[in-house]
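The values are calculated or read from the model by the stated rules, or taken from the named source; none is laboratory data. Please read all numbers here as calculations on a predicted model, not as lab measurements. Here Cβ is always computed from backbone atoms with ideal geometry, including for glycine, and neighbour counts include all displayed protein chains.
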């Protein structure tokens with residue numbers, strides 16, 4: 001019995017068509033929107049503090065921690081987010097940070113207890129640190 005070698009076509013990097021890059025304006029728009037989310041979340045939570053106090057029965061110290069949990073996590077993980085962008089790619093980290101930020105925002109909106117809101121705000125800060133561009 002004669003066997004013929006099977007040939008499979010694998011394109012070389014030199015012969016493969018180049019990947020089409022996203023338009024510069026789309027990348028700039030996505031980066032600006034992500035940065036806007038990060039900055040907006042720091043300030044917009046202040047308008048919701050009275051309703052958080054009423055709905056969750058939070059103390060003044062608890063309300064301060066709602067603001068601080070985000071800021072501390074954001075500042076603390078900023079270098080980690082930048083290094084992760086260097087290692088794994090900025091686009092991948094941008095999308096991961098955006099997903100984490102969005103999921104934590106949903107968790108904060110659905111929080112039924114003070115600790116849930118504080119945990120969601122800390123995860124939002126982590127997502128924002130990964131999301132924020134540093135170069």
Lone unmet requirement of (1) touching a residue at least 60 places away in the same chain (Cβ under 8 Å); (2) in a loop (DSSP other than H, G, I, E, B) for residue 128: (2)
In segment 54-98, the residues that are exposed (fewer than 13 other Cβ atoms within 10 Å of the Cβ) and part of a loop (DSSP other than H, G, I, E, B): 57, 59, 89
From the list 88, 101, pick out the single residue that is out of contact with any strand residue (DSSP E or B) (no Cβ under 7 Å at 6 or more places or on another chain) and in contact (Cβ under 8 Å) with a residue 60 or more places away in the chain. 101
List the number of the failed condition for residue 5; all other conditions in (1) under 24 Å from residue 99 (Cβ atoms); (2) at pLDDT below 85 hold. (1)
Top-ranked residue of segment 15-40 - restricted to ones that are within 17 Å of residue 91 (Cβ to Cβ) and outside any helix (DSSP H, G or I), ranked as modelled with the lowest pLDDT: 18
Looking at the structure I just gave you, is residue 118 in a helix (DSSP H, G or I) and under 19 Å from residue 36 (Cα atoms)? no
Go through segment 120-135 and give me each residue that's more than 15 Å from residue 76 (Cβ to Cβ) and either loosely packed, with under 14 Cβ neighbours inside 10 Å or modelled with pLDDT of 95 or more (or both). 120, 135
